[in-house]
């Protein structure tokens, strides 16, 4: 696409409002407890599966939040990347329907090929994958540390300045649009192997409500980048907003980030079937850890997993150490050791498997 063509598209996008509203669909069936079933030996879900308890036949996707999934050689995908020799690939396979996510502009530049190969591994082994792609990093912009927008602007850029440039700079809009096009290509490649993909324009977005403001510009970018239906309209049922009033923008999914059980109750009752919850920003503690508030206790995460499934809400639970943070006391975590050079730990993998299977961690059996 030539520069002039891009420029014409951007100008057209900036002066038009999408007129097609798609009805939101439901990603999966009604919630249920799901039985733990040991598949027959010829079932692909049992292939190389070290979880001897079997696979829980959950009805709604659930999983650990893995924003750094694409970070090569560091994110603990494989067993040999873990001190206790149980990597993320083993843990995630506790359930049939796995929820995964990524931040495409994660602080440590990710490799989309690693994401593709990881999700293909799950698909090839009989699992169903719901995958969420966040393009921009709102928390990073609020600290002027988002590497992509800083490089695009040629300076440190805060969230409000990012919005200003979306309106004011055609050159900046083209750079952002190009990044959206890169994400759409990645998303379509994942769809080609059977992954159910959703795109969120920005992790914890900073934008005005509705689709006529700055968030509407990002929706226009998604459409221009090719995230469209056969008639050229935006695939709204495959778009997520991380904020705003649920349902304000018709036809798209919404995600909430509760940080305790009370906030979770409000979130799970305000969302619609097929929407998302991520405890992003609030770590959880295992039953044998002495973490004071505001860390979410394990029993509350177990409750959230069960309740979300009953409500048909896709659920991610967030562990600070798996995002490159370490606990420093008094309920607080800090990035370790540096913002763009993190150490990722999958703590207590048997306990995490137990949370996914809905059994005590002490009952989890993993082949050596």
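The values are calculated or read from the model by the stated rules, or taken from the named source; none is laboratory data. As the structure is a computational prediction, the values presented were derived from the model and not from experiment. Backbone-built Cβ (ideal geometry, glycine too); neighbour counts: all protein chains shown.
Summary of computed values
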read-out	value
From 332, 287, 266, 257, residue being out of contact with any helix residue (DSSP H, G or I) (no Cβ under 7 Å at 6 or more places or on another chain) and touching a residue at least 12 places away in the same chain (Cβ under 8 Å)	257
Unmet requirement for residue 316, which otherwise passes all of (1) surrounded by 21 or more Cβ atoms within 10 Å (Cβ to Cβ); (2) out of contact with any strand residue (DSSP E or B) (no Cβ under 9 Å at 6 or more places or on another chain)	(2)
Region 272-283 - residue that is at pLDDT 95 or above and in contact with a strand residue (DSSP E or B) (Cβ under 6 Å, 6 or more places away or on another chain) and, of those, farthest from residue 64 (Cα to Cα)	275
Number of positions in region 270-284 that are in a helix (DSSP H, G or I) and either closer than 19 Å to residue 330 by Cα or without any contact (Cβ under 8 Å) to a residue 24 or more places away in the chain (or both)	0
Test: residue in region 144-165 that is under 25 Å from residue 301 (Cα atoms) and either under 21 Å from the mean Cα position of the chain (by Cα) or surrounded by 18 or more Cβ atoms within 10 Å (Cβ to Cβ) (or both)	no
Unmet criterion (only one of (1) under 23 Å from residue 280 (Cα atoms); (2) touching a helix residue (DSSP H, G or I) at 6+ places or on another chain (Cβ under 7 Å)) for residue 196	(2)
Which listed residue is modelled with pLDDT under 85 and surrounded by 12 or more Cβ atoms within 10 Å (Cβ to Cβ), from 82, 46	46
Residue 299 being more than 17 Å from residue 282 (Cβ to Cβ) and either under 18 Å from the mean Cα position of the chain (by Cα) or not in a loop (DSSP other than H, G, I, E, B) (or both)	no
Among residues of region 335-347, those that are modelled with pLDDT under 95 and out of contact with any helix residue (DSSP H, G or I) (no Cβ under 9 Å at 6 or more places or on another chain), counted	0
Residue match in region 127-135 (condition: closer than 24 Å to residue 62 by Cβ, modelled with pLDDT of 95 or more and part of a loop (DSSP other than H, G, I, E, B))	yes
Top-ranked residue of region 302-325 - restricted to ones that are without any contact (Cβ under 8 Å) to a residue 60 or more places away in the chain and farther than 20 Å from residue 350 by Cα, ranked as nearest to the chain's Cα centre (by Cα)	325
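Here is a yes/no grid of residues against (1) more than 30 Å from residue 299 (Cβ to Cβ); (2) touching a strand residue (DSSP E or B) at 6+ places or on another chain (Cβ under 9 Å):
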site	(1), (2)
212	yes, no
220	yes, yes
232	yes, no
240	no, yes
243	no, yes
250	yes, no
253	no, yes
257	no, yes
263	no, yes
